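Asks: Take this structure, written in structure tokens, and hold onto it; I'll ask about it next.
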Amino acid sequence: MSTGNWLCAYAITRNRPATWDAGPAPRLIGYRDLGVVVSEVAPARFDRIDLLDPVDGTLAELAREHDAVVRAVFRSEPVLPLRFGTVLDGEDAARRLLEAGYEQARDCLDEVAGHREWGVRIRHAEPAATTRPDAAGLTGTQYLVRRRERLKAIQRAREDVVDAAGRLEEALWRTAADSVGRARPHGVLVNTAYLVETGREAAFHAEVAWFARELHAAGATVETSGPWPPYSFTDVELGAAAHG
């Protein structure tokens with residue numbers, strides 16, 4: 001590894017005088033009309049980063065620092081967030097990164113300009129089908145009828161939630177510029193990131209609010225998160241200039 005100045009790279013953005021304030025350390029290194037936001041870093045801070053426990057305080061602190069810089073730039077400029085832990089071997093490596101991915105980065109930056117990322121998550125904790133109705137005072141036939149009714153009600157509620165969730169997703173797809181599905185933990189029916197033009201955000205949230213009422217009546221909840229920089233919609237090939 002080189003003994004030169006190592007740089008932590010946060011995001012690619014426009015190469016123009018900075019109107020963002022991310023603190024004294026981050027600065028812009030430019031190539032043509034693109035720039036990469038960097039700050040000097042001791043490589044030891046990122047040693048063994050892939051081996052750190054996700055709940056480790058050091059990893060959480062580094063991730064918060066990275067996100068804070070990306071957000072600061074994003075408040076005034078479009079950004080392509082780089083992968084957390086991307087380290088460059090000096091300014092020449094930063095320029096090589098921009099040169100190698102120039103066309104792709106420029107096109108992607110144009111696509112996300114004027115857009116923000118929003119997350120939508122639908123949770124549905126349906127009753128357990130194995131739960132039996134209270135048998136007190138019921139004949140065997142009445143108990144079986146009651147149990148069948150319960151199972152049918154659970155199935156209808158599930159179908160209502162799935163139907164409303166599907167119609168919500170269709171409405172949001174029409175409103176958003178792009179969408180990306182995310183991993184769905186247990187109990188989560190929908191977990192999707194949307195890239196939304198700022199001028200269409202009001203319509204986007206109106207659709208969420210409209211369907212949230214229907215989903216709530218069916219026993220589901222709708223959660224939104226954001227706005228975020230377009231973390232889910234930027235994937236620039238970095239080539240050999242970056243480590244991380």
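Asks: For T198 and W210 in the same chain, what is the full-extension length gain: residue separation times 0.36 nm, less their Cα-Cα distance, in nm?
Replies: Full-extension gain reported as 2.4 nm.
Asks: What shape does region 7-113 have by the C-alpha gyration tensor, where a ≥ b ≥ c are the square roots of the eigenvalues, rounded means a/c under 1.5, and otherwise prolate means a/b greater than b/c and oblate the rest?
Replies: Taking the square roots of the gyration eigenvalues as a ≥ b ≥ c, region 7-113 is prolate.
Asks: Report relative contact order for region 81-220 in percent, whole number only (criteria: Cα-Cα under 8 Å, sequence separation at least 6).
Replies: Reported as a whole number, the value is 34 percent.
Asks: Once both labels are modelled 7 Å past Cα along the beta-carbon direction, what's the S76-A42 spacing in nm?
Replies: Taking the simple label geometry, S76 and A42 are separated by 3.1 nm.
All of the numbers you see were taken from the coordinates with simple rules; none came from a lab. Quantities reported herein were computed from a predicted structural model and do not represent experimental measurements. Glycine also receives a Cβ, built like all others from the backbone with ideal geometry; neighbour counts cover every protein chain displayed.
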